[in-house]
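Student: I have a structure I would like to understand better, so I am pasting it below and will then ask my questions one at a time.
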């Protein structure tokens, strides 16, 4: 559903409607999002008031549903902090990374951008950019909709390498 909403908003451009009409449509969308967010927050408060400590497993179960998790994130109501959800996303792809003797670490989060450091054989590997884009970035963006971009940072440890018979071979950290 979020994709459909984004498509509708993107298609509502200056050619389709005068600027004032577009501004009013955007105001309407903001008002509706705020209204639904406040309503969702009230629902969660009532559930918590009624169930007390028993509400936590219910909230965890709600977060297993990607659409509900996206709604909670959109309205700043997700019970887990962004950092924990990013780590959970990385854990989902770590078996793949480790099968190639690599890993990644979050170095910082600035606004809606996550910075990662490639480690092990991922650091300096020509395929790392594709791995970052295809597996890691997808996992983070699906799990943490507040994040809009994932960037790889250069390693702090220089690597020595040699080219033998036309192929690159990593020797060791410098």
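Student: Could you list, in sequence order, the residues of region 109-123 that are in contact with a strand residue (DSSP E or B) (Cβ under 6 Å, 6 or more places away or on another chain), surrounded by fewer than 16 Cβ atoms within 10 Å (Cβ to Cβ) and modelled with pLDDT of 85 or more?
Tutor: 113, 115
Student: Going by the structure shown, is residue 62 surrounded by 15 or more Cβ atoms within 10 Å (Cβ to Cβ), within 30 Å of residue 104 (Cα to Cα) and assigned by TED's automatic domain parsing to the domain that holds residue 134?
Tutor: When the stated conditions are applied, residue 62 does not pass them.
Student: Let me ask you something else. Can you confirm whether residue 132 is at pLDDT 85 or above and surrounded by 16 or more Cβ atoms within 10 Å (Cβ to Cβ)?
Tutor: Against the criterion (at pLDDT 85 or above and surrounded by 16 or more Cβ atoms within 10 Å (Cβ to Cβ)), residue 132 does not qualify.
Student: Further, regarding this structure: Residue check, residue 106 against (1) in a strand (DSSP E or B); (2) at pLDDT below 90; (3) within 15 Å of the chain's Cα centre (by Cα), all met but one. Which one?
Tutor: Looking at each condition in turn, residue 106 falls short on (2).
Student: What are the residues in region 40-78 that are assigned to a helix (DSSP H, G or I), out of contact with any helix residue (DSSP H, G or I) (no Cβ under 9 Å at 6 or more places or on another chain) and under 20 Å from residue 146 (Cβ atoms), if any?
Tutor: 41, 60
Student: Counting only residues that are without any contact (Cβ under 8 Å) to a residue 24 or more places away in the chain and surrounded by 13 or more Cβ atoms within 10 Å (Cβ to Cβ), which one in region 71-97 is nearest to residue 48 (Cα to Cα)?
Tutor: 79
Student: So for region 146-159 (the condition being in contact with a helix residue (DSSP H, G or I) (Cβ under 7 Å, 6 or more places away or on another chain), closer than 30 Å to residue 69 by Cα, modelled with pLDDT of 80 or more and assigned to a loop (DSSP other than H, G, I, E, B)), does at least one residue qualify?
Tutor: Within region 146-159, one or more residues are in contact with a helix residue (DSSP H, G or I) (Cβ under 7 Å, 6 or more places away or on another chain), closer than 30 Å to residue 69 by Cα, modelled with pLDDT of 80 or more and assigned to a loop (DSSP other than H, G, I, E, B).
Student: Further question on the same structure: Residue 44: within 28 Å of residue 140 (Cβ to Cβ), outside the structural domain of residue 145 (by TED's automatic domain parsing) and modelled with pLDDT under 90, yes or no?
Tutor: In short, no.
The values are calculated or read from the model by the stated rules, or taken from the named source; none is laboratory data. None of the values given here were measured: they were computed from a predicted structure. Neighbour counts run over all protein chains shown; Cβ positions are idealised from the backbone, glycine included.
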